[in-house]
Amino acid sequence: MISLLLHTLIFAVATLAQKTLITADAAEHCTGMYSKRDWGGPGESFIKVDLQKFGYADPSTDKASVSLVVFEYQDIDGLGVYDENLGRRRYICTSGMVSDGLCKENQLNQFIVDENFTSFSQIKTVKLTDLGTNDFSYKVANTGYYCVAAYEPDFTDKENTFKLLLNFHNAFGSLPASEIPLLPLYGLLAVIYAVCLCVYLFQVFRHRSELLLLQKYLAGFFIFLTAENIMTWSLYDLENNTKRYPLPGGVQFYIVVISLLNAFKVSFSLFLLLIISLGYGIVFPKLSRKQMNLCKILSLAHFVLLTAFICINYYSSESQPGEATTDTSYSVDTYQSNSWLILAIGAPLAVLFIAFYFLILNSMQKTVKYLREQRQMVKLNMYNKLFRLIFVSMLLLIFALVISTIVLFNDNVAESIEKLWKFNEVLTNFWPACLYFLIFIGIVIIWRPTDSSYLLAASSQIPSSAVEGDANNDDNANILTIRMRLVTTLNLMISEVSRMIMKM
């Protein structure tokens, strides 16, 4: 469960709608799309637009004049022309550029497309002159990362603006293409949760007279996790089949509920892991009131901060660029404008998680030391398994972070985006969920109900001889030494990853 470090900071259940509103302040939007050939579905994949508002009409025609371009990101070099006087690439044709021969007069106030460029997909430009769809449609024939950029010239000294609704429609439904793999994956994970829950509840029923309070906590939390995963899968299915924009109030309320459940899952998981590390239910029948109250206060604070963090991520869009690729806008988007609030909540959340991390490891070391001194080999073995489980989970998360970093920075920007958008959600969303499941199942197996569960909590193992006691003491000393080395190695790895992230 310590693997929730990345899961806590980057996971939010809320998804971004495939219908997106762009304005003069943020005039470009990019997203991945699957062709019908690659993913399938009942319909066709296409991009349509709806001009809902324009600032001022073109004096020469008395109509709107919003220029639009749709292109696949690999074809970015086919847009614009290099202006040697300014030393940069320019994408919108102006009267000065017409005089310099950089573009044609019929391209005035429109996007410039290199007619000699061999494109991966069609580069389509259009001039919108009326409110509505203007009968514009772009068929997505190839899977890729598609961008739509818009530009409206200023015909007056007043600020010009427009509103344009983009519809990125995939053949399979309304989910973003980057998130559609999560629909079957979360469905599969929910089934696995349900099967494992049935097996565990059967063991709980068999040993109901020997159950420890900790095992009852785990059983109840197992039921909660199964229900939460089923509801998460149903949310993706519901959004994939919802065509209304914005999302209906009922769907938005459901998203908030799932987000709260996810925040509770993370916080309660840390609470469980902390009290287990303190020896609750196995080493000691109960914890002191001071210890238990500290665990509850930390968990409650973590839940409040994480809930606020998820809500801010939901109500902030991070998909529109602050500095548009085609130079149509240099304004910041909602996500960037709320960055100070995200930092104000994210920073204490990260500090609190680190505090949990060190408390868990420190408590586990003290518990192991106590078990070693008391020569409790059976219980010591259980905590050894728990520590190895946590250590392996951290290695797997660090491995995922390194792989994504290599993919992102090993190639040029276009190649990185083309590779990353397809599996980014799986890597940052589903991979931590899988690790969480594996760690929880590992904890459930270690603390599973048995005929001797009650005796395990209430009794102490007595060495059969002094020689055996000394041998056990030496073995435990070796185990403690190995543990300390693993903890030191883990801390060093986390520090290195933190420095890498800061450099990025």
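Descriptive notes on the structure:
- Going through (1) in a loop (DSSP other than H, G, I, E, B); (2) out of contact with any Ser or Thr (no Cβ under 8 Å at 6 or more places or on another chain); (3) under 25 Å from Lys243 (Cβ atoms) one by one, Ala26 falls short only on (2).
- Here Cys103 passes the criteria (1) part of a strand (DSSP E or B); (2) buried (at least 20 other Cβ atoms within 10 Å of the Cβ) except the one numbered (1).
- Looking across the stretch 45-72, the residues that are at pLDDT below 90 and either in contact with a helix residue (DSSP H, G or I) (Cβ under 6 Å, 6 or more places away or on another chain) or not in a strand (DSSP E or B) (or both) come down to Gly55, Tyr56, Ala57, Pro59, Ser60, Thr61, Asp62, Ala64, Ser65.
- Of the helices (runs of 4 or more DSSP H) entirely within the stretch 313-414, those holding at least 2 residues that are modelled with pLDDT of 75 or more and buried (at least 20 other Cβ atoms within 10 Å of the Cβ) occupy 339-374, 377-410.
- Single condition Ser209 does not satisfy, out of (1) touching a helix residue (DSSP H, G or I) at 6+ places or on another chain (Cβ under 6 Å); (2) assigned to a helix (DSSP H, G or I); (3) over 18 Å from Phe440 (Cβ atoms): (1)
- Only one of the listed residues (Leu128, Leu102, Leu164) is of a type outside the set (Lys, Arg), within 22 Å of Arg244 (Cα to Cα) and in contact with a strand residue (DSSP E or B) (Cβ under 6 Å, 6 or more places away or on another chain). That residue is Leu164.
- From the list Asp83, Asp135, Asp130, Asp50, the lone residue that is closer than 30 Å to Leu183 by Cα and of a type outside the set (A, V, I, L, M, F, W, C) is Asp50.
- In a residue-by-residue description of the stretch 255-278, the property of being surrounded by 20 or more Cβ atoms within 10 Å (Cβ to Cβ) and outside any helix (DSSP H, G or I) applies to at least one position.
- The set of residues from the stretch 148-180 being touching a helix residue (DSSP H, G or I) at 6+ places or on another chain (Cβ under 9 Å) and either surrounded by fewer than 18 Cβ atoms within 10 Å (Cβ to Cβ) or acidic (Asp, Glu) (or both) comprises just one member, Glu179.
- Residue in the stretch 176-184 that is without any contact (Cβ under 8 Å) to a residue 24 or more places away in the chain and on the phi < 0 side of the Ramachandran plot present: yes
- The set of residues from the stretch 360-407 being farther than 30 Å from Leu420 by Cβ and of a type in the set (S, T, N, Q) comprises Asn362, Ser363, Gln365, Thr367, Gln374, Gln376, Asn381, Asn384.
- Test: Ser35 is modelled with pLDDT of 90 or more, over 18 Å from Leu165 (Cβ atoms), of a type in the set (Ser, Thr, Tyr) and crowded, with 16+ Cβ neighbours inside 10 Å: yes
- Within the stretch 73-100, being surrounded by 14 or more Cβ atoms within 10 Å (Cβ to Cβ) and either in a loop (DSSP other than H, G, I, E, B) or charged (D, E, K, R) (or both) holds for Asp75, Gly80, Asp83, Arg89, Arg90, Tyr91, Cys93, Thr94.
- Residue tally, condition crowded, with 16+ Cβ neighbours inside 10 Å and either outside any loop (DSSP other than H, G, I, E, B) or without any contact (Cβ under 8 Å) to a residue 12 or more places away in the chain (or both), over the stretch 239-250: 2
- Scope the stretch 109-133; condition in a loop (DSSP other than H, G, I, E, B), more than 13 Å from Ile47 (Cα to Cα) and of a type outside the set (Ser, Thr, Tyr); matching residues: Asn109, Gln110, Ile112, Asp114, Glu115, Asn116, Phe117, Phe120, Asp130, Leu131
- Annotation note: of Thr226, Thr232, the sole residue that is under 25 Å from Trp421 (Cβ atoms), of a type in the set (Ser, Thr, Tyr) and touching a residue at least 24 places away in the same chain (Cβ under 8 Å) is Thr232.
The values are calculated or read from the model by the stated rules, or taken from the named source; none is laboratory data. Small disclaimer: the values here were computed from a predicted structure and weren't measured. Virtual Cβ from ideal backbone geometry, glycine too; neighbours counted across all protein chains shown.
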